[in-house]
Amino acid sequence: MADIAAHLGVSRQLVSLVLRDQPGASEETRQRVREAARELGYRPHTGARSLRRARSFDLGVVFSPVHATEHEIIEAMYDAASAKRYHVILSALTPSRGPRQAVDELLGHRCAAVLIIGAELSHAELTEIVDRTPVPVVNVGDGHRNTHYDVVRSSGDRGIAQAVEHLIGLGHRRICYLNSSSMSPAPLRLEGYLRMMRAHGLEPDPVTWVGGYDEEAGAVAARGLLDRGDLPTAVVAGNDQIAFGLLQVMVRSGVRVPQRLSITGFDDIRIAHLPGVELTTVRQDPGLMGAAAVEVAIRRIESPRLSPVLRVVPTTLMLRSSTAPAPA
């Protein structure tokens, strides 16, 4: 601001009035100051502005760059926050940065709430973070109603049940489920599979492991199914990445998809749309997830006495060419 004032031969206080859009300057002066700011490349100091405010309008978001769906949720958070005049500050989880360190970084920026996406944390671990965090916390992607933090998640059990019901409608009776117990929403999605199989009098066939839930995990699971010697007629995967790894191994092993084996996933990530994949999957709308997370965070920022809530976003079954009637 001092550079702009010197450039125009006016006081710094006058420049400050114009840049803060306060009264006290003529329209001609305002135009000159704004033009000079553009010419000199002036940018307001966001940190300084935040310190001057009586309250924070920053939402801190903890996320993992390796998760396939989180960038779409974050995009929606930016739009939803901007509509309410809030800002988003990101803090990434990496092999050397855990959730506690990421949250502490956001608190150092005076964030008014912390939103945690897809962290592999138990209820007890989340509660421990909440107990030392003086602002509202929202867990995005998994969880149940509780008195400590807000939860925004999709109806994962219903989504998986939809996929199973679709396969049953195509005549499948031997339906396997691939389940990584390390994935935060895994218990809820497994519950949907078991419930629908039992409702139709079918024997559940879950394959559960502790560890990764990416394409490599799907490939390992696929090789395990091939080693059985007698494949099921359909497989429901806990997410699209597992389904994609499964699909690749099956096709390379000569298993025709979907004529011999139908495959479904969960999430509807971008790879599910590609030619040659065309995966039948369950879509959890990332736009609705991100907007809902921002909404519940601001709700408790502006009314701190309110209790945490559970917000469940509906899912949609996306039918593509990876499923077909069961083989005779």
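Read-outs throughout are calculated quantities, based only on the coordinates presented, and are distinct from any laboratory measurement. Model, not experiment: these values are computed from the prediction. All Cβ positions, glycine included, derive from the backbone under ideal geometry; neighbour counts span all protein chains shown.
Please go through the stretch 111-130 and pick out each residue that is in contact (Cβ under 8 Å) with a residue 12 or more places away in the chain and surrounded by fewer than 17 Cβ atoms within 10 Å (Cβ to Cβ).
We begin by selecting, within the stretch 111-130, every residue in contact (Cβ under 8 Å) with a residue 12 or more places away in the chain; these are 111-121, 123, 125-127, 129-130.
Of everything in the stretch 111-130, those that are in contact (Cβ under 8 Å) with a residue 12 or more places away in the chain and surrounded by fewer than 17 Cβ atoms within 10 Å (Cβ to Cβ) turn out to be Glu120, His123, Glu125, Thr127.
Anything in the stretch 214-262 that is loosely packed, with under 14 Cβ neighbours inside 10 Å, assigned to a loop (DSSP other than H, G, I, E, B) and not polar (S, T, N, Q)? List them, or say none.
If the condition is that a residue be loosely packed, with under 14 Cβ neighbours inside 10 Å, assigned to a loop (DSSP other than H, G, I, E, B) and not polar (S, T, N, Q), then Gly229, Asp230, Gly254, Arg256 are the ones that fit.
Looking at Arg189, Arg195, can you tell me which residue is farther than 30 Å from Phe63 by Cα and in contact with a helix residue (DSSP H, G or I) (Cβ under 7 Å, 6 or more places away or on another chain)?
Arg195
Would you check which residues across the stretch 79-94 are free of Cβ contacts under 8 Å to residues at least 40 places away in the same chain and closer than 27 Å to Phe266 by Cα and list them?
Residues satisfying the conditions are Leu90, Ser91, Ala92, Leu93, Thr94.
Residue-wise test of (1) buried (at least 22 other Cβ atoms within 10 Å of the Cβ); (2) not in a strand (DSSP E or B).
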residue	(1), (2)
Gly276	no, yes
Val282	yes, no
Gly287	no, yes
Gly290	yes, yes
Glu295	no, yes
Arg299	no, yes
Arg311	no, no
Ala324	no, yes
Pro327	no, yes
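Could you count how many residues in the stretch 58-109 are part of a helix (DSSP H, G or I) and farther than 15 Å from Gly290 by Cα?
10
Give the residue, chosen from Asp205, Asp214, that is charged (D, E, K, R), touching a residue at least 12 places away in the same chain (Cβ under 8 Å) and within 24 Å of Val313 (Cα to Cα).
Asp214
Quick one: Glu278 ticks every box in (1) of a type in the set (Asp, Glu); (2) in contact (Cβ under 8 Å) with a residue 12 or more places away in the chain; (3) closer than 20 Å to Val140 by Cβ bar one, so which box is it?
(3)
Between a residue in the stretch 56-76 that is in contact (Cβ under 8 Å) with a residue 12 or more places away in the chain and any residue that is acidic (Asp, Glu) and assigned to a strand (DSSP E or B), which pairs come within a Cβ distance under 9 Å, given they are 6 or more apart or on different chains?
Matching pairs, first to second residue: Ala68/Asp267; Thr69/Asp267.
For a quick check of your reading: which strands (runs of 3 or more DSSP E) sit entirely within the stretch 114-210 and have at least 2 residues that are in contact with a strand residue (DSSP E or B) (Cβ under 8 Å, 6 or more places away or on another chain) and of a type in the set (Gly, Ala, Ser)?
Because the criterion is at least 2 residues that are in contact with a strand residue (DSSP E or B) (Cβ under 8 Å, 6 or more places away or on another chain) and of a type in the set (Gly, Ala, Ser), no strands (runs of 3 or more DSSP E) in the stretch 114-210 meet it.
Looking at the stretch 223-257, which of its residues are within 30 Å of the chain's Cα centre (by Cα) and at positive phi?
Residues satisfying the conditions do not exist here.
Quickly run through the stretch 313-322 and pick out the residues that are surrounded by 15 or more Cβ atoms within 10 Å (Cβ to Cβ) and within 20 Å of the chain's Cα centre (by Cα).
Listed by number, the residues that qualify are Val313, Thr315, Leu317, Met318.
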